[in-house]
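Step one of this worksheet: look at the structure below.
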């Protein structure tokens, strides 16, 4: 199963949904996430417990288990620079096949990727990213699935909400219709399939 999970180092990750996923016993997952969290924060627990078979991410440095599993050949990792990763997810949500970038030409990042020439300039083709299920964390949601995010916890969440075949949202607060400021809505409800109330984080942040 291909899974997208929002968050940056655990901030903006859906703790209750991740807890339920761990308890389900799911394995052999293909994960698309900004990073691998910390060993006990965010998606880090999935990585640490060996639940992830392959991964598309921007970095793994905050979770030593990810590096260990990768070097042992137990975790396949595709690194995608953060801006490129975000744009690939956005393209997937928009129904595009991919994006064109000149980042990484003639480098290790090139990796035999398809090249095209536009206006006399070479570009790499980066395939769009989608997921069977996207797990998203929001500050507020209404009954129609319209979503509001809190500051930097917004991160990848809106893009992933649009790129999932099924999008499940964990919300800190679920409000009645009309309870959200329309100007603050970052994801319209058309992209949301399920909403669950958050039970809060079950990890300790590094600054606590």
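Data table
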quantity	calculated
Residue-averaged 222 nm ellipticity for the chain, from DSSP H runs of 4+ at -39500 (n - 2.57), nearest 500	-5500 deg cm²/dmol
FRET efficiency for residue 108 and residue 207, using Cβ-Cβ distance with R0 set to 41 Å, rounded to 0.05	0.75
Sites residue 68 and residue 96 - FRET efficiency at Förster radius 30 Å, r taken between beta-carbons, to 0.05	0.25
Antiparallel bridge percentage (DSSP; both residues within the chain; nearest 5)	30
Correct choice for Cα extents along the principal axes in Å that was computed from the model, options (i) 53, 41, 31; (ii) 49, 39, 32; (iii) 69, 44, 27	(i)
Mean separation of Cα contacts under 8 Å (6+ apart) over length of the chain, as relative contact order %	22
Rounded tilt (10° steps) of 82-93 against the dominant C-alpha axis of the chain	70
Label point distance in nm, residue 1-residue 166, each placed 7 Å from Cα along Cα→Cβ	0.7
Average Cα contact separation per residue, the range 33-87, under 8 Å, 6 or more apart, as relative contact order %	36
With Cα atoms, 0 to 90° folded angle of helix 15-24 axis to the chain main axis	80
Kirkwood-based shape ratio for the range 113-183, expressed as Rg/Rh from alpha carbons	1.20
FRET E, pair residue 20, residue 79, Förster distance 22 Å, beta-carbon r, rounded to 0.05	0.20
Separation between Cα centres of the range 170-187 and the range 27-105, rounded to whole Å	29
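Only the coordinates and a few stated rules stand behind these numbers; no lab work does. The structure presented is a predicted model; accordingly, all values stated were derived computationally and were not measured. Positions of Cβ are backbone-derived with ideal geometry, glycine not excepted, and every protein chain shown enters the neighbour counts.
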